[in-house]
Amino acid sequence: MVKSLKSSLVAKGLFIMMLTLFLFLPFIPLVIWSFTKQWPWPLLLPEKWSLDSWNYLFSVSGRAGEGLLNSWIVAFLTLIGNLLIGIPASRGLAQNEFKGKRVIFAILLAPLFIPYTVSIIGMHDLAIQFDFLNEYVSVAFAHLLVTLPYFIATIWFQFRLIGNKLQEAALSLGASEWKIFIWIEAPLLIPSVLLGSFLVIVISFSQYLPTWIMSGGTLQTIPLVIFPFANSGNSSIVAAYSLLFFIPILFLLLVYYLLLRINSRKQFMKRG
Amino acid sequence: MKKFTIVVLLFLLILSGCSSDAKNNSKQPGETSLKSDWKEITAEAKGSKVNFFMWGGDEGINRYIDEWVAPLVKEQYGIEVKRYPMDATEFINKLMTEKHANKKSGEMDVLWVNGENFKIAKQQELLLGPFTSKLPNFNQFVDTKSNDINYDFGFPTEGYEAPWGKVQFVFAYDANKISNPPKSIAELKEWVKKNPGKFTYPAPPDFTGSAFIRHVLHEESNDYNAYLNGYNEALIKADADQVWNALNELEPFLWREGKSYPQSISQLEQLYKNGEVWMTMGYDEANASNLIKSGEFPASTKTFVFDQGTLSNTHFLAIPYNAPNPNGALILINTLLSPSAQLKKMELEYWGENMSLSVDRLSEKDKKTMAAIDRGPATLTQQELSSHRIPEIGAEYVQWLERGWMKNVAND
């Protein structure tokens, strides 16, 4: 028994190590490239190292700070929009039966299936009409369209899992809809809201075209800062920017797990 | 849930309230600034912001604008310069959409255009109008009569764009491997036969590869000067066979026996860095020096031009029809055309590119400064370059040759 337990532990450890390696392997050349200007093919490691790319990133021209800040502001606004529209929408879809429900569901999820270019063309005209809006708001609006399906799909599923029973019980005891939402549904929704929010922020971070079109290229988020270098063959700069791009995502992942843990502990304590 | 809807609506209402003040300001239409004199323009532009849209793929160029030009303009005129990286094709498309939607005030003040996009922009009336005569530095330092200022790839500029810089095509080679580089297409043919596999050029329509085959046209055509006038298909048809023959004669001795070509200049440079080919080329006479400095090219790299000359062209700055700040745009362009800005641009520290001003018109002091600029170990002298210059031909010929190359050389 003990022996097989040990060997299974070893196997597990090996598996996790392999998986980590697999996930981190692509990052190794990125890190190396960001510290050198020249890394010709047969060499295992570059001959000359330099900090030039990182210096550039944090210089006036590099706009790393500006890009990060703008990305965060837009992602935050997008998240607020998702919370305000996505939660009621998925609640309605999960708990009610009405005519045309499938159609509405399909429309809400449409951005997932419709080729990007189609919706982008429409967005282009929209951008000019909505010129009076603040840049951040109009870009967040475009991101909202892109992220909403992911958010709704996540929350909708959780609402289905919660079902109607608890709410009906509360209703029969005279609770209002708001009270039901705040005291019963909201706490049960937390894990999926966290996951949905994480998805929304990460997807918002990686948008290039919607940002470009809605702001006319003037709102420099991280993808917009990176893009001019993507075709220039300057691998070193691209590598440095890509790493910069991953830092907030890793940070978010940590926050997500932390919040999830705090939440589940709370639930456990309540029950205990 | 009704309350919820109200909250959502309220939120959207608040959001629509926070429109940016920059866009709502009533703007001086561009026409008035073309009528005002320089003093009024300077006074009007004070405290404003200029948006400079330009290709952003080079650290040195970006740093030149952000670290040197922007602080200077801020100090001298109180204008904030903001650089936005964007490809020329993208901002011309953007401008077309805006024109279509009749958008009166856009976001772009100054554009760095290339010949092809300038032609589209001018034909579709996307540009503000003739403005170069407004600029004191243009009138004082630019040779306003010369062809490379008045034509952009064969298309008349008519003051709709101001010359920012000049570049010349050069070939680069590793002096450790080649002692006597070929100085003409004929010599190149001999050289590749002796050194098979050590030369190639990017496949047109790549910008550099396309320029390379125009050098073949220059040396093989009966009268290259005839190409500088309007488009005449009969003319190029008559010369085309000689061009394809020369290129097909090279082909079996190229890298990989000409079975494949590098797709871009960065691929060709990669082959050169790896030592697979011994020569490279580019539409920038200081590029090799720049790459030696950054450690990407071997220090033994040198450059040369053909005895009969290499292509040179001028690149320009334009102002779109709906520039929100045309006065600021004029100030910025004027500053970029100042001798001090052009001399700074020539230094390898930022860019290393040649000036668009006429050297004869510079002050003695500036001439001395210019002579003292170290353009890098691989860059040819000004004398050598300017005595070996040939003009560009019209964009229609360029496209005709690119299509013909696919048919007669690549698929042959």
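The values are calculated or read from the model by the stated rules, or taken from the named source; none is laboratory data. Everything numeric in this text was worked out from a predicted model, so none of it was measured. With ideal geometry, Cβ positions are generated from the backbone for all residues, glycine too; neighbour counts draw on all protein chains shown.
When you check A:LEU44 against the structure, is it over 29 Å from B:PRO71 (Cβ atoms) and touching a residue at least 24 places away in the same chain (Cβ under 8 Å), yes or no? Judged against the criteria, A:LEU44 is not a match. Screening A:ILE155 with (1) farther than 27 Å from A:PRO191 by Cα; (2) touching a residue at least 60 places away in the same chain (Cβ under 8 Å); (3) more than 14 Å from every other protein chain (Cβ to nearest Cβ); (4) of a type outside the set (D, E, K, R) gives one miss only, at (1).
Any chance region B:140-155 includes a residue that's modelled with pLDDT of 95 or more, surrounded by 22 or more Cβ atoms within 10 Å (Cβ to Cβ) and more than 17 Å from B:ALA395 (Cα to Cα)? So far as region B:140-155 goes, yes, one or more of its residues are modelled with pLDDT of 95 or more, surrounded by 22 or more Cβ atoms within 10 Å (Cβ to Cβ) and more than 17 Å from B:ALA395 (Cα to Cα). Among the residues of region A:40-56, the one identified as more than 10 Å from chain B (Cβ to nearest Cβ) and in a helix (DSSP H, G or I) is A:TRP54.
Residues that are more than 26 Å from B:TYR397 (Cα to Cα) and touching a residue at least 24 places away in the same chain (Cβ under 8 Å) within region B:86-126 comprise B:MET86, B:LEU95, B:GLU98, B:LYS99, B:LYS103, B:LYS104, B:SER105, B:GLY106, B:GLU107, B:MET108, B:ASP109, B:VAL110, listed in sequence order. For the criterion of being at pLDDT below 90, out of contact with any Cys (no Cβ under 6 Å at 6 or more places or on another chain) and not hydrophobic (A, V, I, L, M, F, W, C), A:ASN96 passes. Evaluation of B:SER260 against the conditions (1) farther than 18 Å from B:THR310 by Cα; (2) in a helix (DSSP H, G or I); (3) out of contact with any Asp or Glu (no Cβ under 8 Å at 6 or more places or on another chain); (4) polar (S, T, N, Q) shows that the sole unmet condition is (2). Those helices (runs of 4 or more DSSP H) of region B:30-73 in which at least 1 residues are within 14 Å of chain A (Cβ to nearest Cβ), surrounded by fewer than 22 Cβ atoms within 10 Å (Cβ to Cβ) and in contact (Cβ under 8 Å) with a residue 40 or more places away in the chain, considering only elements entirely within it, cover B:59-63.
With (1) among the basic types (Lys, Arg); (2) touching a helix residue (DSSP H, G or I) at 6+ places or on another chain (Cβ under 6 Å); (3) without any contact (Cβ under 8 Å) to a residue 24 or more places away in the chain as the list, and B:ARG361 as the residue in question, which single condition is left unmet? Here B:ARG361 clears every test but (3). It is to be established whether one or more residues within region B:86-99 are more than 12 Å from chain A (Cβ to nearest Cβ), in a helix (DSSP H, G or I) and basic (Lys, Arg). There is no residue in region B:86-99 that is more than 12 Å from chain A (Cβ to nearest Cβ), in a helix (DSSP H, G or I) and basic (Lys, Arg). Just a yes or no: is a residue in region B:198-216 of a type in the set (A, V, I, L, M), in contact (Cβ under 8 Å) with a residue 24 or more places away in the chain, part of a helix (DSSP H, G or I) and over 16 Å from B:HIS315 (Cβ atoms)? There is at least one residue in region B:198-216 that is of a type in the set (A, V, I, L, M), in contact (Cβ under 8 Å) with a residue 24 or more places away in the chain, part of a helix (DSSP H, G or I) and over 16 Å from B:HIS315 (Cβ atoms). Within the option set A:VAL137, A:VAL118, A:VAL60, being of a type in the set (Val, Ile, Thr), farther than 30 Å from A:GLU168 by Cβ and part of a loop (DSSP other than H, G, I, E, B) holds for one residue only, A:VAL60. Looking only at region A:154-172, decide whether some residue is more than 21 Å from A:LEU84 (Cα to Cα), of a type in the set (Ser, Thr, Tyr) and surrounded by fewer than 22 Cβ atoms within 10 Å (Cβ to Cβ). Within region A:154-172, one or more residues are more than 21 Å from A:LEU84 (Cα to Cα), of a type in the set (Ser, Thr, Tyr) and surrounded by fewer than 22 Cβ atoms within 10 Å (Cβ to Cβ).
Taken over region B:100-124, the criterion of being among the polar types (S, T, N, Q), within 12 Å of chain A (Cβ to nearest Cβ) and either buried (at least 17 other Cβ atoms within 10 Å of the Cβ) or closer than 24 Å to B:THR314 by Cα (or both) is satisfied by B:SER105 alone. Of all residues in region B:243-256, none satisfies being of a type in the set (Gly, Ala, Ser), within 13 Å of chain A (Cβ to nearest Cβ) and either assigned to a loop (DSSP other than H, G, I, E, B) or in contact (Cβ under 8 Å) with a residue 24 or more places away in the chain (or both). Is it true that some residue in region B:171-194 is within 30 Å of B:LEU357 (Cβ to Cβ) and outside any loop (DSSP other than H, G, I, E, B)? Scanning region B:171-194, I find at least one residue that is within 30 Å of B:LEU357 (Cβ to Cβ) and outside any loop (DSSP other than H, G, I, E, B), so the answer is yes. Note on region A:220-251: among residues that are in a loop (DSSP other than H, G, I, E, B) and within 12 Å of chain B (Cβ to nearest Cβ), the one that is modelled with the highest pLDDT is A:GLN220.
The residues of region A:81-127 include none that are over 15 Å from A:THR147 (Cα atoms), among the β-branched types (Val, Ile, Thr) and buried (at least 16 other Cβ atoms within 10 Å of the Cβ). Considered as a group, the residues in region B:263-295 that are part of a strand (DSSP E or B) and either touching a Lys or Arg at 6+ places or on another chain (Cβ under 6 Å) or within 14 Å of chain A (Cβ to nearest Cβ) (or both) include one that is farthest from B:VAL192 (Cα to Cα), and that residue is B:GLY282. Selection of first residues in region B:373-387 that are within 22 Å of B:ASP307 (Cβ to Cβ) and of second residues that are modelled with pLDDT under 90 and hydroxyl-bearing (Ser, Thr, Tyr), restricted to Cβ pairs under 9 Å at least 6 apart or on distinct chains, gives the following pairs, ordered by first then second residue: B:ARG375/B:THR381. Checking the structure you have, find out if any residue of region B:25-44 is among the aliphatic types (A, V, I, L, M) and modelled with pLDDT of 85 or more. Yes. Residue count for region A:33-54, restricted to those that are surrounded by fewer than 16 Cβ atoms within 10 Å (Cβ to Cβ) and either within 28 Å of the chain's Cα centre (by Cα) or aromatic (Phe, Trp, Tyr) (or both): 2.
Close Cβ contacts (under 9 Å, 6 or more residues apart or on different chains) running from residues in region B:277-305 that are free of Cβ contacts under 8 Å to residues at least 12 places away in the same chain to residues that are among the small types (Gly, Ala, Ser) and buried (at least 21 other Cβ atoms within 10 Å of the Cβ) are absent.
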